[in-house]
Amino acid sequence: MSYLSRIRNVFRREKAGGEIDEELRSHMEEAMEEGRDPEEARRAFGSLLRHREESRDIKLAAWLESLAADVGFGWRQLWQNKTVSLAAIVSLGLAMGACTAAFRLIDAMLLRPLPVAELEGLRFLAYPYFDNGGNRQMGDSFEYPLFGELRKAVKGQAELMAISYSSRVGVTYGSDEERERVFRQYVSGWTFATLGLKPAAGRLLTAEDDRKPGAHPYAVLSYDYWTRRFGRDPKAIGRTFRMGQAYEIVGVLEEGFTGTETGTLTDIYVPTMMNARAIGNPNWGWFRTWVRLRRGASEEQVRQKLQAAQVAFRQARAQEWSSEARKERLDEYVNAALSLEPGAAGVSGMQRKYRRPLAILGVVVVLVLLIACANVANLKTAQAAARGREMALRVSIGAGRWRLVQLVLVESVLIALLASLLGGALAWWSAPFVVSRINPPDDPARLMLPADWRVLGFAAVLTMVVAILFGLGPALRASAVRPMSVLRGGENPHSRRRLMNGLIAAQVAFCFVVHFVAGLFVATFDRLSHQPLGFSPERVLTLEATAKTVQPFERWDEVLQRLRQVNGVEGAAICGWPLMFGNEWTSEVWVDGRPPSGRAPYFLAVSPGWLEAMRIPLLDGRDFRPEESSPQVAIVNESFAKRYFEGRNPVGRSLERIVEKKRETAIIVGYVRDARYRDMREAIQPTVYLPFRTSHRLDQAAESDWATVVVRTAGDPMKMAPVLSREMVRARPEFRVSNIRTQQELIEQHTVRERLLAVLSLFFATAALVLAGVGLYGVLNYIVVQRRREIGIRIALGAKAGDVAWRITAEVFVMLGAGALVGLAAGIGSQRYVESVLYHVKATDMGMLVLPALSIFAAALAAAVPPVIHAVRIDPASMLRTD
């Protein structure tokens, strides 16, 4: 009989058993038909039971039959002990769901490969640089003139592609009132062909579309955007939309590819040459350079050629700069070492920002899973003690040790499978929920979170690992039972209690680490969110405005005057970008003839009235006047005065900076309080405010085809947003609002990561505490049940309630203290792995050490109360009667 038939017969046991009985009966009937005496025939045939079992072994896969029987028995055991089973399934389900959700996030953010061809040869270029604070960073932005030189240098060995950072822009398909926000990337025309991508409709961009600046306003849609916006309508091909200018949709990318920036699903792709303003600017790095190595090409040779081309380009650029620029800065710039970084999983700022936090959360959820496994292992150990006689009887009638191990492990696997179903439902909901909290609401992170073979494979492996973690130990102990000892009632329970106490110590250690890390994250969020700002964000609305062409300051001022007349507006002003936006503009300055030193100060272009609108106090001097322009006058903050004027009043003094390759002098007319510029973590830096009106074409403030209008309102600022947008268009029809946010949103975006870590770690800390408390309760309850007679005798002999409680809890609380000490050491040792996401918090702070210990001991006391009450209320007489 084939092995497949034997397996199939396991699932049709009744029919197979009937066939065996029929066959045995036919043999007996055949013997009697030959005239043999029935009794003689039966004696000659032998034991029917033995023949039946031998036939079953031939017709059925014995191992599978025993496994199926154990599954049925295990299910009955779970149903019989509903409360304990439900507690085990829920606790494991929560932990497994957290693990699966964490894997989905880590996989989507860091591991999942791009759906393109020949991933092994895909790289992107990066180089080191030092930021203004002197910290070494890795940069990946390139200028298009440099890109052309790099591409020529490795022609024949590698293909280079320029792919811009994904940016959120406004597009219109009808009237300008029907504006929607999309994510756009500029790409080289040959990008899609190089990556091996195909069109789902129409055609993709080609090299011919990317030869002349502004000549080919074509766009390709992502499959996801085509589905969401057009319902996969083929008629979308050929439609036009406005994105600064008119674009024609020529095609749709194949399903699956959503861009190269992990965390952002790009909607629209256009040729790099359509960024005409930046294409010839050697000072503007606005895209990443991707490299596809040719087969057989040496990666190191390609890197060396790219390095030489970059050095030559930057040397030529450096010669154009002022001779007064600092030599060390020039050397860093010219000789920065290029590296080819793996690009198989994409690259984005979000990856860099969340790589360490996701790893930390992964460790935390694993610790919670271990706590849950230890908890269930204790429950299983207590159950094994209660089933000691059953196991002894099984051994007495011939069951082998591994047969008992299988019996107990099958029950553990059933619990793990049911928990995995609960955990899968939790992970399906929680992973998208966490992603929705990564970025601010107006700019959400978008990750692909499919339930594909990667996630299902992880869930299957996790289920098996969990079943082994909590089930193998109790199974081995249950299989090592000594029948004579158990049946005489002489089994020593202390060995079981030692295992359970050890698991309690492990639970407490893991719980302490989880609480310790949660405390660090909560303290970081609290301290970061309560940093002084130096300005008032309440009721401030920021409107990012654009114009079709560069506009003179007078037209911007017309818009301001119109907005100031709107009811509910208390003040309005213009700036290059709002505070805490994330942009920065730095420039070297000379004061009193001293050369630049240290970190270069920040600069920001603002209009008259901006200080009042932002509520930044003026310490001395005055605000800008409407007729004043940059670089003639400037306003500086306290930090600038401390660094450059030893804290003295700088009004009336002057500073110098480089504008169009020569020094320009600005008279300081105002002195203001410190205000945060771009980040909550960095100390407030020296800042120079310049007039938004500029007299120099190349000055940063000259970018007057876009700016931010800051409006302080009397009430809810978002309720004023539609009115202000309409009034801006009425004032000057060429102006449009591309984005609207409150100043408070801009501030909160700098604590999104910290808030997310604090909330998730608090949730996991609470779950860990509850699980550890349940586990402690289970151990103490087991001790009371095992020692009921002893406790009854002690009470009969006059033992006080306190003495009884001490004898029950002493051993467990000693293990609890030992686990806390181990957890404390592990927590302090973990600080160096989490310090990159901390802010002014140290692991050795007394609060970080005391609070986890207090939480755990409070939970332990709460868990100990019911078993202790049960113990002191034991009736000695009933124990003696039972005895």
Would you work out what percent of the accessible area of the stretch 613-751, with all protein chains in place, is carbon or sulfur (probe 1.4 Å)? 47
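Rounded, prolate or oblate: pick one for the stretch 581-716, where a ≥ b ≥ c are the square roots of the eigenvalues of its C-alpha gyration tensor, a/c under 1.5 means rounded, and failing that, prolate if a/b is larger than b/c, else oblate.
Here the stretch 581-716 falls in the rounded category.
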Sorted by accessible surface (1.4 Å probe, heavy atoms of the protein chains only), largest first, MET448, MET848, MET680 come out as MET448, MET848, MET680
Quick check: at a probe of 1.4 Å, how many percent of the accessible area of the stretch 165-291 sits on carbon and sulfur atoms? 47
dims of the stretch 203-314, Cα set, principal axes, largest to smallest, nearest Å -> 48, 32, 27
Could you sort out which of LYS152/LYS212; LYS198/LYS235; LYS155/LYS198; LYS152/LYS662 sit more than 27 Å apart by Cα distance in this structure? LYS152/LYS662
For PHE813, what accessible surface area do you get with a 1.4 Å probe? Give it in Å², rounded to 10. 50
Per its Cα gyration tensor (rounded if a/c is under 1.5, else prolate when a/b beats b/c, else oblate), the stretch 776-866 is best filed as prolate
Please report the net charge: other residues with Cβ closer than 12 Å to the Cβ of LEU541, K and R +1, D and E -1. -1
What nm distance separates the two modelled labels at ALA826 and MET718, each placed 7 Å from Cα along Cα→Cβ? 4.2
Carbon + sulfur, % of accessible area of the stretch 764-883 - ligands and nucleic acids excluded, 1.4 Å: 66
So with the 1.4 Å probe, I'd like the accessible area per residue for the stretch 260-322, rounded to whole Å². 41
Accessible area (Å², 1.4 Å probe, nearest 10) - VAL514: 0
Between VAL90 and LYS198, what is the label-point separation in nm under the 7 Å Cα-to-beta-carbon projection? 5.1
Placing each pseudo-label 7 Å from Cα in the direction of the beta carbon, LEU476 and ALA801 end up separated by a distance in nanometres of 4.2
GLU159, GLU118, ranked by accessible area, largest first (probe 1.4 Å): GLU118, GLU159
Probe 1.4 Å, all chains present, heavy atoms only: HIS750 accessible area in Å², nearest 10, is 40
Ellipsoid equivalent to the stretch 124-251 - semi-axes via the Cα gyration tensor, in Å: 30, 20, 14
Which order do you get for ARG653, ARG599 if you rank them by accessible area with a 1.4 Å probe, largest at the top? ARG653, ARG599
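The values are calculated or read from the model by the stated rules, or taken from the named source; none is laboratory data. Values in this document were obtained by computation on a predicted structure and should not be read as measured data. Counting neighbours? That spans all protein chains shown, and the Cβs are built from the backbone with ideal geometry, glycine included. Calculation scope for accessible area: heavy atoms of the full protein, side chains included, ligands and nucleic acids excluded. Shrake-Rupley method; radii C 1.70, N 1.55, O 1.52, S 1.80 Å.
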